Amino acid sequence: MNMLNILLMASPQGGQGGGSPMVSLLFFAGMIVVMWLFMIRPQTKKAKLQKQFSEGLREGDKIVTIAGIHGKVKKINADNTLQLEVSPGTFFTIERSAVSMEYTTAHQKNEEKK
């Protein structure tokens, strides 16, 4: 019999139904640890990498926004915005957080292959 069946089929005590409170507590704690390892931790690591990427942007970098707009960073403003040149003489002002790390790195890899 596997461990899960043993935990779920704990014998009732005194006819009241339910097993040892310690087994239930351990099972609940195990579920929380698994959720943290597979869901919360990877997302916090990804958010940290995205923040480092957006803080490391420099003038002249070619980027792609989360909306798919391609351009070159023309100016970095003090209020956490960027001036993005999408074509000669055409500028957008965007938030730093709107720059996609995944799209930008994929675009840069495609340009290196050419």
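The values are calculated or read from the model by the stated rules, or taken from the named source; none is laboratory data. Note that this is a predicted model, so its numbers are computed, not measured. Cβ: placed from backbone, ideal geometry, glycine included. Neighbour counts: every protein chain shown. When the accessible area is computed, the model is the full protein with side chains, heavy atoms only, and any ligands, DNA or RNA have been set aside. Shrake-Rupley method; radii C 1.70, N 1.55, O 1.52, S 1.80 Å.
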Relative compactness, the stretch 60-113, computed as alpha-carbon Rg over 2.2 N^0.38 Å
1.08
Probe of 1.4 angstrom, ligands and nucleic acids ignored: what's the accessible area per residue over the stretch 60-113, in square angstrom?
63
Rounded to the nearest percent, how much of the accessible area of the stretch 60-113 (1.4 Å probe, protein heavy atoms only) is carbon and sulfur?
51
Residue 26 paired with residue 59, simple spin-label distance in nm, labels 7 Å along Cα-to-beta-carbon:
6.3
